[in-house]
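The values are calculated or read from the model by the stated rules, or taken from the named source; none is laboratory data. The structure presented is a predicted model; accordingly, all values stated were derived computationally and were not measured. Cβ: placed from backbone, ideal geometry, glycine included. Neighbour counts: every protein chain shown. Just so you know, the surface numbers come from the protein's heavy atoms only, side chains and all, with ligands and any DNA or RNA stripped out. Shrake-Rupley method; radii C 1.70, N 1.55, O 1.52, S 1.80 Å.
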Amino acid sequence: MLSAEAPLDPLGERLSRLAWLRRQRVDYLLLAATLGLLLLGLLMVYSASQFIISGAPAYWFERQLLWATLGLIALIVTARVDYHHWRRFAVAALGGGVILLLLTLRLGVAAYGAQRWLQIGVSVQPSEFMKLAFALYLADWLARKGDDTRTLLYGLAPFALLTGLLLTFILLQNDLGTSLIIAILAVAVFFTAGANPLHLAGALLAGGALYLAIIYETGFRRARLDAFLHPLPPGCAAANSYQICQGLISLGSGGLFGRGLGESIQKAGYLPNPFTDSIFAVIGEELGLLGCLTILALFAVLAIQGYRAGRRAPDTFGALLACGITTWLIAQAAINIGSVAAAIPFTGVPLPFVSFGGSSLVTSLAAVGVLLNIARQGSAERQARHTAD
Amino acid sequence: MIYPSAELARIASQRRRQAILLGVFLLALLALGGRVAYWQIIQRAALTARANAEHLRAVVFAAERGMILDANGNILALSVTRDLVIADPDVIRQSGALDTDAQSLGLALNLPPGLLRSQLNIPGAYVALRDAAGAPMLLDEGQRAAVNAALANGALVGVALYPQVIREYPDGGLAAQVLGFVRASDGVGQYGVELGENALLAGQPGMLLTTVDANGDPLATGPQQETPAIAGANITLTLDATIQYWAEQGLAQAIAQTGADGGTVIALDPHTGAILAMANMPSFNPNAYGLAPLANLMNPAVSAVYDPGSVMKAITMAAGIQAGAITPESSLYDNGSTVVDGVRIYNFGRQGHGRENMVQVLQYSANVGAIWVAQRVGLARFNAALAAFGFAAKTGVDLPTESAGLLAQPRSAGEAALTLAENSFGESIGVTPLQMVMAYAALANGGVLMRPYIVASATLDGGFGQTLTYRPEARRRVVSAATAQTVTQMLVDSALVSEAQMNLVSDYSVAAKTGTSTPDPARPWLTYASVLGYAPASDPRVVLLVKLNHPRSTIFGGSAAGPLWRALIEQILRYYRVPPDR
């Protein structure tokens, strides 16, 4: 063994450790952005949930810490396991996810309380897992299609059918946010896989019309649209815009530098869901515009590195998988932040890595692990090609 | 790895399209950054204001109310904190402490335990203990110490002391209608100086801005701002508690002796208009204002009007002399009555006095003589004189609810002539006691009418701040100094031999006139009997009015009000160490 024979040389040992780190070919930028978001998230979950249970300020933080640990273990596993390995489980994952979705739907219909319990988000939300499963399945399926992706009969038709069916299940669960993320994910992957832009445009138009129809069909969502157009009624008195209104007050009262870490007042009962869907508002109030821009910058790094992994992936499956995962995470972040900042009609989704929520956190971190593995294999291939040149 | 060219093209296309996706999302993130910046920079002020409106609760705490002091610094009114005993009957019952609590409290408060036990045993979770008379139990120092000791050694369960700020009037009912009282429910002064000077006495309430959570409970974080309260001003009156006390005692005695319904005494410094005493009966105790009839809360010395009767004759004489219509030596033949506008007006007792000069008119209090003077002055000049002396207009005294008085409103020349005749001896005219006193004060002050006042000074910030001093204020010259001197001498001369027996005032010459008015011709025995005058006549120091409402044992000014007037003027002048002038 080499290490057994090496002398006890601290400098040499440090250098050899550095060399080992480089040999790992880890996308440190992607990892750093993810860990940065995770740490900021833990901090903010602790701060934002302080007043939720009086006398137990760390209650939600401790649970999030547990989920973060599980998520990091998942990340390490998925980063180390060759991503091609998961391809075999693509159909099973999608099938299992759909069954779980239907089960939730059924439970929701049978017992209303069960559905609400699921929606509170403390426990497993199949729709979170569904995002990863669908990204995996789409990548596998479209990579197999090859040039057929471009055709109407073999490309668009089955894609639209499959995606439409899945979205229906999720919409039946009354989860507009997740359906929107999955729709964006699907369109992005389909687009990357080589979809005919005309087909895609038609699908987008039809899908958009469908969403608008749903929004206008259900009065509740229409009210949310109204709330988006008038986000700041006097005294935040309108029930539909209460959360948006309080979120904007949080952001605005934070200003450039914020009230300071832990100093949010809005989290003390004014702002609904301060440590889940509205956590970005608490960040804005405590850390100001600088904190908000930091979050946005970290997601930008995630996007750059994620699509970079996709572009450099050794095969189409890897490229599409990376594209799907990256699109999902960034779209979800944009929807969450856009909702809080009243840039889009309010849609309740967690902010990836930051909001409280076990299913979301573990799935997202596992997905980043997959991204890291794709990035690693891409850089391995480049290195191999460089050496071949 | 070797790729076929089609595969290479597809990979290139995939890369291009991912770059497009990246571009789209980076733009989206950038736009979001802009949107967030819009709220956090441009909308910051508006949203911060909304945040503050939500988060900040103002707790207002009252400033300590200032004291009211008499001219010598004696405390007439002050605010003190006294403890109320409160208890939670539910807790007491649950811990089975009813009997021991009643026992311990009875011992500490020196009340029968049975009375306390029944109060502690009411249904519910709150009771404030009351004394045997049913008034809220405000503890004195000894009781407070005893209850605190019992609380400290655990003898009382479910009982606590609750501090309350209350207004105390140490002299009880002394000058009650001058002082007014403070309404316990909101601490706002009612009636008298407490109302008139409420803004000064109340001070500026303090405010604590606290950040609260959505339930309204205070938060440790967030902005806090405290504006300290500024204590109210201490108000010093011109009133002398000693003279006030004599006036009230004397009035009570006179009312008891004559069987009167009530009365008013006013003592005033004619040179300044400073009110030295202002007493009325019936009155009330401001420490228990809730028990007083509403009618007793007003200050009739400034709020009630009456027909002054013959005391007005001095004003009639002054008008005549000032107008040059008469001199003290002018005389008329008085056969006991005269006819004005078809109405025959008689002297008192329908008595004729034959030829009489002006001093004799005052001495006999002859109505026929007064009418003769007024008619010589003439309607216009007489009414102008009434206005100059301050009748039918507020005196401007710094006390609330002042009445302006009343004048008859004649509808014809005949009625006007009759009114003139009646006014000349103080009928058909409504004056407040203070107006009448001020008219005499003008004569006593060399013809210059002062504004009466009772607030001498106010020391801001609970006696620690700036002192505002209120100076005497001359309103106008009413008659010449010579006229004032002449009328004064006429009053002195007539008083010496009048039925009011002013000659019994030892050492001081007095200028005074009696008045007996019978406003209700159907019940001529119900009179306002008064004596009004000033002394010493050579350099008047005090104007004094003693007025009795409906005296029964004797109904005339001189006999009913005279004894008290003489006693008080002598007492006051000796109190002020005024050198004798006789």
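General remarks:
- Whichever residue in region A:334-356 is part of a helix (DSSP H, G or I) and more than 8 Å from every other protein chain (Cβ to nearest Cβ) and, among such residues, is surrounded by the most Cβ atoms within 10 Å (Cβ to Cβ): A:Val340
- Taking the criterion of being more than 60 Å from the chain's Cα centre (by Cα) and more than 7 Å from every other protein chain (Cβ to nearest Cβ), the only residue of region B:32-44 that qualifies is B:Gly34.
- For region B:430-473, filtered to residues that are among the polar types (S, T, N, Q) and either crowded, with 19+ Cβ neighbours inside 10 Å or in contact (Cβ under 8 Å) with a residue 12 or more places away in the chain (or both), the residue that is farthest from B:Ala318 (Cα to Cα) is B:Thr459.
- Among the residues of region A:187-226, those that are open to solvent by 60 Å² or more (accessible area, probe 1.4 Å) and either within 21 Å of A:Arg144 (Cα to Cα) or within 14 Å of another protein chain (Cβ to nearest Cβ) (or both) comprise A:Pro197, A:Leu204.
- Listed by first and then second residue, the pairs linking a residue in region B:334-353 that is surrounded by 14 or more Cβ atoms within 10 Å (Cβ to Cβ) to a residue that is outside any strand (DSSP E or B) and among the charged types (D, E, K, R), with Cβ atoms under 6 Å apart and 6 or more places separating them unless they lie on different chains, are B:Gly336/B:Arg350.
- Members of region B:208-227 that are within 11 Å of chain A (Cβ to nearest Cβ), surrounded by 12 or more Cβ atoms within 10 Å (Cβ to Cβ) and closer than 16 Å to A:Arg259 by Cβ: B:Thr211, B:Val212, B:Asp213, B:Leu219, B:Thr221, B:Gly222, B:Pro223
- Residues of region A:265-290 classified as more than 8 Å from chain B (Cβ to nearest Cβ) and in contact (Cβ under 8 Å) with a residue 40 or more places away in the chain, total: 13
- Screening B:Ala267 against (1) of a type outside the set (Ser, Thr, Tyr); (2) in the same structural domain as B:Leu526 (by TED's automatic domain parsing); (3) modelled with pLDDT under 95 leaves a single unmet condition, (3).
- Total residues in region B:492-546, condition open to solvent by less than 20 Å² (accessible area, probe 1.4 Å), in a strand (DSSP E or B) and in contact with a Leu (Cβ under 9 Å, 6 or more places away or on another chain): 17
- Scanning region B:1-59 for residues that are of a type outside the set (A, V, I, L, M, F, W, C) and within 22 Å of A:Leu142 (Cα to Cα) yields B:Tyr3, B:Pro4, B:Ser5, B:Glu7, B:Arg10, B:Ser13, B:Gln14, B:Arg15, B:Arg16, B:Arg17, B:Gln18.
- Boolean, A:Ala297 is crowded, with 21+ Cβ neighbours inside 10 Å, assigned to a helix (DSSP H, G or I) and either in contact with a Cys (Cβ under 7 Å, 6 or more places away or on another chain) or within 13 Å of chain B (Cβ to nearest Cβ) (or both): no
- Residues of region A:357-384 that turn out to be outside any helix (DSSP H, G or I) and charged (D, E, K, R), as a count: 0
- Test: residue in region B:253-269 that is part of a loop (DSSP other than H, G, I, E, B) and surrounded by fewer than 17 Cβ atoms within 10 Å (Cβ to Cβ): yes
- Within region A:134-186, the set of residues being open to solvent by 40 Å² or more (accessible area, probe 1.4 Å) and of a type in the set (D, E, K, R) comprises A:Arg144, A:Lys145, A:Asp147, A:Asp148, A:Arg150.
- Residue selection: A:Arg312 satisfies the criterion of being facing another protein chain (nearest Cβ under 9 Å), basic (Lys, Arg) and within 26 Å of B:Phe25 (Cα to Cα).
- Every pair of residues 6+ apart whose Cβ atoms lie under 6 Å, when the first sits in region B:564-582 and is within 10 Å of B:Ser506 (Cα to Cα) while the second is part of a helix (DSSP H, G or I) and not basic (Lys, Arg): B:Arg566/B:Leu504
- Filtering region B:119-162 to residues that are out of contact with any Ser or Thr (no Cβ under 8 Å at 6 or more places or on another chain), closer than 17 Å to B:Ala97 by Cβ and not hydrophobic (A, V, I, L, M, F, W, C) leaves B:Gln119, B:Asn121, B:Pro123, B:Gly124, B:Tyr126, B:Asn153, B:Gly154.
- Region B:50-87, residues that are surrounded by fewer than 20 Cβ atoms within 10 Å (Cβ to Cβ), within 14 Å of chain A (Cβ to nearest Cβ), hydrophobic (A, V, I, L, M, F, W, C) and touching a helix residue (DSSP H, G or I) at 6+ places or on another chain (Cβ under 9 Å): B:Ala53
- Meets criteria (among the hydroxyl-bearing types (Ser, Thr, Tyr) and at the interface with chain B (Cβ under 8 Å from one of its Cβ atoms)) for A:Ser253: yes
- Among the residues here, B:Arg35 qualifies as without any contact (Cβ under 8 Å) to a residue 12 or more places away in the chain, open to solvent by less than 80 Å² (accessible area, probe 1.4 Å) and of a type in the set (Lys, Arg).
- Residues of region B:279-324 that are open to solvent by less than 20 Å² (accessible area, probe 1.4 Å) and either aliphatic (A, V, I, L, M) or outside the structural domain of B:Leu362 (by TED's automatic domain parsing) (or both): B:Ala279, B:Leu297, B:Ala301, B:Val302, B:Val311, B:Met312, B:Ala314, B:Ile315, B:Met317, B:Ala318, B:Ala319.
- Residue among B:Val91, B:Val24 that alone is under 30 Å from B:Pro163 (Cα atoms) and over 39 Å from the mean Cα position of the chain (by Cα): B:Val91
- Residue within region B:220-243 that is hydroxyl-bearing (Ser, Thr, Tyr) and more than 19 Å from B:Met67 (Cα to Cα) present: yes
- Residue satisfying condition, being outside the structural domain of B:Asn285 (by TED's automatic domain parsing), part of a loop (DSSP other than H, G, I, E, B), open to solvent by 30 Å² or more (accessible area, probe 1.4 Å) and not charged (D, E, K, R), within set B:Pro163, B:Pro170: B:Pro170
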